[in-house]
Amino acid sequence: MQISDITCYPVFGGSRNYLFVVVDTDEGLYGVGESGLTGRELAVSGAVEHLRPLLLGQDPMRTEHLWQMLSRGGFFPHGKIVGSAIAAIDIALWDIKGKALGVPVYDLLGGRVRDRVVCYCHLSGGHGMEIEPLVQDAVEKVAEGWKYLRWGLPNEGELLRPGRAIRQSVEQFAAIRQAVGEAPELCFDVHTRLSPPEAITLCRDVLPYHPYFIEDPVRSESPQAFHLLRSKIEAPLAAGEQFASKWDFRELIDHDLIDYARIDLCIAAGLTEGRKIAGWCEGHYIDVAVHNPLGPVATAACLQFNLSIPNFAVQEQPRKPGTMLTDVVLNQPVWQDGYLLAPTAPGLGIEFDREAAAAHPFQMAELPHLRREDGSVTNW
């Protein structure tokens, strides 16, 4: 069996784009993957086109060999753009391998270590200043069966005022905890918006409300900053969603600076690299909370991954599967009472409709931008 073609499918999903990649073989089997790096899908598509000639005629079963070739063969170590391209291709290759052998991908990763995967949802208005709508949605989500809830540091339209945002976050924590009780876990995403002193203040002030983790308290470009945070913060910390490889995680893992690794399989070069990062984390008692704000192919890949790793914590799942792009991705994972259930179909367990994908053409879209009161740029 040889790889015969690789095709990108940028798909507009109503409010944003998703980039799917299909790898075909000369025996009729195909695999589908998804890339991350939201808002830069065309750049990732270009990277896939650069990698395509290296893969044509290759044996798709040699996932590790092909990963090494794609990651290291261009001399320059892969970053986020090439890492996202490799990720989509790598996930598709694992899908092919599972289909060829007639087993789910998790069986190729060592088999299931659990029967279902717990997820956290996104609360509506999750980066807004309001309290009552956030609380109402939290109560409704708990009633639906979600056991983990997520929202983030609030902004005022395009304006971020850190001091006010921190104070409002504390009030939101108090209101949500009072409304839902102690059982639901609360995940809070700072989204890399604060400085170390600001992050320390936030983490200190919300500690009485027992956050499950505080995510991305500062920018990810300087992992060394987590040394300061670790010495000052008692709340559990999560980071890593912007990292493209195990090397990016190295500082945080080797020095035990985080409690949860936010591996994004669709940026951090796929399942091949993700399982190495997870194994490294296991030796440091760091659990994995995958970053998955993406589409249904990413959800399927994360599910297979999380079913197979021992140090799993929770899977990000903004909404229930089967509620978006159902004409493009068929047989999406099943959600039940806060959990994704283990699929039994071979590969990723999903099917990809190319004609339906073409019916949702790419639309140029940009992620939101934030500024400070003086007009300067800050992180969204």
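Coordinate-derived values only; no laboratory data. Remember, it's a predicted structure, so these values are computed and weren't measured experimentally. Quick reminder, even Gly has a Cβ in these numbers, built from the backbone with ideal geometry, and neighbours come from all protein chains shown.
The table for this structure:
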| read-out | value |
| --- | --- |
| Highest to lowest packing among 269-276, 364-371, scored as the average C-beta count within 10 Å | 269-276, 364-371 |
| Fraction of beta bridges assigned by DSSP in the chain that are antiparallel (%, nearest 5) | 55 |
| Quotient of C-alpha Rg and 2.2 N^0.38 Å, computed over segment 201-257 | 1.12 |
| Of K141/K246; K97/K246; K232/K320; K99/K320, those spanning more than 28 Å from alpha-carbon to alpha-carbon | K141/K246; K232/K320 |
| Percent of C-alpha pairs per 5 Å bin, segment 21-80, short to long | 4, 14, 26, 28, 19, 8, 2 |
| Rounded if a/c under 1.5, otherwise prolate or oblate - segment 210-329, Cα gyration tensor axes | prolate |
| Segment 1-49 - convex hull of alpha carbons, volume per residue in Å³ | 66 |
| With Cα atoms, 0 to 90° folded angle of helix 162-180 axis to the chain main axis | 80 |
| Span from the segment 187-239 Cα centroid across to the segment 108-158 one, whole angstrom | 19 |
| Long-range Cα-Cα pairs in segment 37-129 (distance over 15 Å), rounded percent | 69 |
| Positive-end residue of L228, G181, T344, charge dipole of the chain with Cβ unit charges | L228 |
| Of R62, R230, R177, the one that fluctuates the most in a GNM where the chain has Cα springs shorter than 10 Å | R62 |
| Angle between the chain longest axis and helix 41-55 axis [Cα atoms, degrees, rounded to 10] | 30 |
| Length-normalised contact order of segment 249-380 in % [C-alpha pairs under 8 Å, at least 6 apart] | 17 |
| Estimated dipole of the chain in Debye, rounded to 20 [Cβ of Lys and Arg +1, of Asp and Glu -1, Cα centre] | 480 |
| Ellipticity estimate at 222 nm from DSSP helix runs (n ≥ 4, -39,500 (n - 2.57)) divided over the chain, nearest 500 | -11500 deg cm²/dmol |
| Directionally averaged projected area (convex hull, Cα atoms, segment 145-253), nm² | 7.6 |
| Helix 196-206 vs. the chain, principal-axis angle (Cα, 0 to 90°, nearest 10) | 70 |
| For q = 0.10, 0.18, 0.19 Å⁻¹, Debye-computed log10 I/I(0) when each Cα of segment 260-380 counts as one equal scatterer | -0.40, -1.01, -1.07 |
| Computed P(r) (all Cα pairs; segment 106-166; 10 Å bins; percent) | 20, 35, 23, 14, 9 |
| Unit charges at the beta carbon, dipole of segment 1-160: most positive-side option, G98, A47, A143 | G98 |
| Rg/Rh (Cα only; Kirkwood hydrodynamic radius) as it applies to segment 93-206 | 1.15 |
| Label assignment, semi-axes √(5λ) of the Cα gyration tensor in Å derived from the structure, set (i) 34, 22, 21; (ii) 32, 28, 18; (iii) 39, 22, 20 | (i) |
